[in-house]
Amino acid sequence: MEIRTSTKNVVIKDRTYQISKLDARTACWLFTFMGERSKDGQILSGLGRCTRQEFTEVQGVLLGKVTHLDNQDGNVFPIAIIGPTGGFSVADLSEDAETVMRLTTESLMLSLSPFFIDRESSSQGQVK
């Protein structure tokens, strides 16, 4: 029996982020939505086929599952990167498109990983 991973830690530019999987219903919606927009079964290509409004919605759902693991005096404090008003709560993320896009794609791939044939060998995941 495969152990189900519900979180993943990602280090980007000396910061550690923890990504949690979406709930099953949201993951199923996102899988069908992204699958409909993907090209040749490549889920990540679907992001480029979203309207700006769709992209903003998808990205908001995905980034809502990301926390920054702030380490202070040996204690780890998880801080949601999206604040209650929808803006970034972690300083400088609003100006760091590279990190925001990486967190978006990492979150997407983690939440949709149950739908992929071979998660180990493909960075974009082939749809079953």
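Here are the numbers for this structure:
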read-out: Verdict on Val76 being without any contact (Cβ under 8 Å) to a residue 60 or more places away in the chain and touching an Asp or Glu at 6+ places or on another chain (Cβ under 9 Å); value: yes
read-out: Odd one out for Phe31 among (1) in contact (Cβ under 8 Å) with a residue 60 or more places away in the chain; (2) within 17 Å of Val100 (Cα to Cα); (3) in a helix (DSSP H, G or I); (4) among the aromatic types (Phe, Trp, Tyr); value: (2)
read-out: Which numbered condition Ser45 misses (of (1) buried (at least 16 other Cβ atoms within 10 Å of the Cβ); (2) in contact with a strand residue (DSSP E or B) (Cβ under 6 Å, 6 or more places away or on another chain); (3) of a type in the set (S, T, N, Q); (4) part of a helix (DSSP H, G or I)); value: (1)
read-out: Count - residues of segment 34-56 that are under 15 Å from Ser113 (Cα atoms) and over 15 Å from the mean Cα position of the chain (by Cα); value: 3
read-out: Residue match in segment 68-84 (condition: at pLDDT 95 or above, surrounded by 10 or more Cβ atoms within 10 Å (Cβ to Cβ), among the charged types (D, E, K, R) and touching a strand residue (DSSP E or B) at 6+ places or on another chain (Cβ under 8 Å)); value: no
read-out: Subset of segment 85-115 [charged (D, E, K, R) and surrounded by 11 or more Cβ atoms within 10 Å (Cβ to Cβ)]; value: Asp96, Arg102, Glu106
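The values are calculated or read from the model by the stated rules, or taken from the named source; none is laboratory data. Fair warning: this is a prediction, and the values are worked out from it, not measured in the lab. Because the Cβ atoms are built from the backbone with ideal geometry, glycine has one as well, and the counts that use them run over all protein chains shown.
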